[in-house]
Amino acid sequence: MRRTVVAAAATAMAVSLAACGSAKESGDKATDTSSKPAADKGPITVGLLLPENETARYEKFDKPLIEKKVSELTGGTGKVVYNNAKQNATTQAQQVETMITNKVSVLMIDAVDSKAIKGSVQKAKDAGIPVVAYDRLAEGPIDAYTSFDNEEVGRVQGQALLDQLGDKAKSGDIVMMNGAVTDPNAALFKKGAHSVLDGKVTVGKEYDTKEWKPENANANMEGAISALGKKKIIGVYSANDGMAGGIITALKSAGFSPLPPVTGQDAELAGVQRIVAGEQFMSVYKPYPREAEIGAEMAIALAKGEKLDSITSGTTVDSPSNQGIPSVLVPVVSLTKDNINDTVLKDNIYTLSEICTAKYKAGCDAIGLK
């Protein structure tokens, strides 16, 4: 698959949410967006709560991109107050309490646990602080939501794996390494992948990986190899790049050569380098700049008491606890060795020197990275 990020970004604001199964036009359900702080209470303060630092994207991309956009939208007067929960839902709840106490203008929350955060979202709402669910759809009275088309992520991963297996798809078993059960996105990735893979491959082992941790994926993969046997495993669905790293370590330790195709997500630098080296088959590039920009736009609009129609184009999504949440889902791109130039390099996510270190120079030269 060879698609440009330019095309993805251009269509982001107009993307249909029908593929997600829960999106609908805003006229279907009235949405409570009554949290409207007055715009004359001084500079806008955005409370940004991210879920963990195991995945490189949050500290490297999301945080600085959101800070940059908030500054741009407020003429340099707005500020971002940041905390990372380091995968601890209790810590994140305490961080929300602190943000409420400090009277931030608006909250952007990427929930550690989408269900556990519900009470904290309600407390923010009661305090008159609007909440943007960022990247993961938190429960509770959310005012806005932006993420990627997460079922599509799973479909892209599943289709890439299926295409790579080709005629060998029925010759053995695949292992599915899904994300954490506390992350609603993980369920959507899984659903999307199964929609493509079911009936076309045999899933020998499937895991929900605690906390998305690479070491847990590594242990699960070792268990799958022991249970299925080395000769039977023909491919691995990994929901993200961090886990793919742990999976590939387990495969190498077991003596797999060549390695079976392994999927990923997030286009982490280590994942891109593994693709260059031929160890990881693919990742999913999610245009973080667009997601961050939209999240910041939503946050500033809500802090000013403005409507979101110009941002969301009237589209909404439902959570298990709320309906009609104004939303924008950004399209994603399948990342393989064939389109690294057109994605992460073109968008300046990484430089050529960052990817093509001495260890990976031969691989970079072989696929024509420049």
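The values are calculated or read from the model by the stated rules, or taken from the named source; none is laboratory data. Just so it is clear, the model here is predicted, and its values are computed rather than measured. All Cβ positions, even for glycine, are placed from backbone atoms using ideal geometry, and neighbour counts span all protein chains on display. What goes into the accessible areas is simple: the full protein's heavy atoms, side chains included, and nothing from ligands, DNA or RNA. Shrake-Rupley method; radii C 1.70, N 1.55, O 1.52, S 1.80 Å.
Descriptive notes on the structure:
- The lone criterion from (1) under 30 Å from LYS68 (Cα atoms); (2) within 19 Å of the chain's Cα centre (by Cα); (3) not polar (S, T, N, Q) left unmet by ASP309 is number (2).
- Within segment 72-90, the set of residues being closer than 14 Å to SER114 by Cα and over 21 Å from the mean Cα position of the chain (by Cα) comprises just one member, THR90.
- Meets criteria (of a type in the set (Lys, Arg), within 24 Å of GLU268 (Cα to Cα) and not in a loop (DSSP other than H, G, I, E, B)) for LYS190: yes
- Residues that are basic (Lys, Arg) and out of contact with any Phe, Trp or Tyr (no Cβ under 8 Å at 6 or more places or on another chain) number at least 1 in the following helices (runs of 4 or more DSSP H) confined to segment 242-328: 269-277, 288-303.
- Candidates ASN53, ASN88, ASN84 - the one that is under 30 Å from ALA270 (Cβ atoms), of a type outside the set (D, E, K, R) and at pLDDT below 95: ASN53
- Taking segment 339-350 as the range and being more than 19 Å from VAL153 (Cβ to Cβ) and open to solvent by 20 Å² or more (accessible area, probe 1.4 Å) as the test, the residues that pass are ASN341, LEU345, LYS346, ASN348.
- Residue in segment 270-291 that is surrounded by the fewest Cβ atoms within 10 Å (Cβ to Cβ), counting only those that are touching a residue at least 40 places away in the same chain (Cβ under 8 Å) and basic (Lys, Arg): ARG290
- Set side by side, the residues ALA193, ALA186, ALA267 differ, and just one is at positive phi, among the aliphatic types (A, V, I, L, M), surrounded by 18 or more Cβ atoms within 10 Å (Cβ to Cβ) and within 24 Å of the chain's Cα centre (by Cα), which is ALA267.
- Test for ILE300: is it under 21 Å from ALA56 (Cβ atoms) and open to solvent by less than 20 Å² (accessible area, probe 1.4 Å): no
- Residues (within 17 Å of THR312 (Cα to Cα) and not hydrophobic (A, V, I, L, M, F, W, C)) located in segment 113-135: PRO130, TYR134, ASP135
- Residues being part of a helix (DSSP H, G or I) and open to solvent by less than 50 Å² (accessible area, probe 1.4 Å) - total across segment 197-215: 3
- Qualifying residue in segment 163-181 (condition: of a type in the set (Val, Ile, Thr), open to solvent by 50 Å² or more (accessible area, probe 1.4 Å) and either modelled with pLDDT under 95 or part of a loop (DSSP other than H, G, I, E, B) (or both)): yes
- Here the condition is being under 25 Å from ALA187 (Cβ atoms), surrounded by fewer than 20 Cβ atoms within 10 Å (Cβ to Cβ) and among the hydroxyl-bearing types (Ser, Thr, Tyr); of SER353, SER334, SER321, SER310, it holds for SER321 alone.
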